[in-house]
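Peer 1: Below are the structure tokens for one structure; questions will follow.
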């Protein structure tokens, strides 16, 4: 099992590209792949000296994006092996294969333990506290919305988790609708 995820609030990914409604989709999608690149460069053993250029804030951003999607996937309280495999395949593909499946499996195991220990509400609060920049909040919400739509439609429980995330980010409810609309666009994770 990997080391616990550090969820202390801090700025995320200094110098990351700014996004907004006028930003091309490819640039928005790159936030996840940029964070995935940093995550994949993380040494497997925590006691190893971090390599030059290692960005722990980008790693935290990646973990938080994945946790938000994980929380949506667990909205109904059920996350079986088939759902887990589909989740992993979507994430690995969205990260352009930068994150190895074993890394993702370890992260999902940690996230599952934290969800079981803390409960949905606390984990949503922790995700919301971790992401301070509005463009990153919107990206986290968009990826979580994509995960909700990937299961064949967004049910009331998934929508509820998305709304809780938006409230935690201090975004209005329209941000959920925008995230769902963006997630529904073809090839958009």
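Peer 1: What does the C-alpha gyration tensor say about the overall shape of region 65-189? Classify as rounded when a/c is under 1.5, otherwise prolate if a/b is larger than b/c, or oblate.
Peer 2: Rounded shape, in that the Cα axes give a/c under 1.5.
Peer 1: Just the ratio, please: alpha-carbon radius of gyration of region 105-149 over 2.2 N^0.38 Å, N its number of residues.
Peer 2: 1.24
Peer 1: Next question, about the same structure. What distance in nm lies between label points placed 7 Å from Cα along the C-beta direction at residue 172 and residue 122?
Peer 2: Here the modelled spin labels are 3.4 nm apart.
Peer 1: May I ask you to sort 59, 92 by Cβ crowding, counting other Cβ atoms within 10 Å and putting the fewest first?
Peer 2: 92, 59
Peer 1: Between residue 86 and residue 100, what is the spin-label point distance in nm, taking each point 7 Å from the Cα along the Cα→C-beta axis?
Peer 2: My value for the distance between the label points is 2.8 nm.
Peer 1: Could you tell me the distance between the Cα centroids of region 73-88 and region 103-147, to the nearest Å?
Peer 2: For region 73-88 versus region 103-147, the Cα centre distance is 14 Å.
Peer 1: While we're here: Only counting other Cβ atoms within 10 Å, I'd like 136, 78 sorted with the fewest neighbours first.
Peer 2: Exposure proxy ranking, most exposed first: 78, 136.
Peer 1: If we count other beta carbons within 10 Å of each Cβ, what is the order of 64, 134, 149, fewest first?
Peer 2: Fewest-to-most Cβ neighbours within 10 Å comes out as 134, 149, 64.
Any read-out appearing in this document is the output of simple, stated calculations on the displayed coordinates, not a laboratory observation. As the structure is a computational prediction, the values presented were derived from the model and not from experiment. Note that each Cβ is placed from the backbone with ideal geometry, even for glycine, and that neighbours are counted across all protein chains shown.
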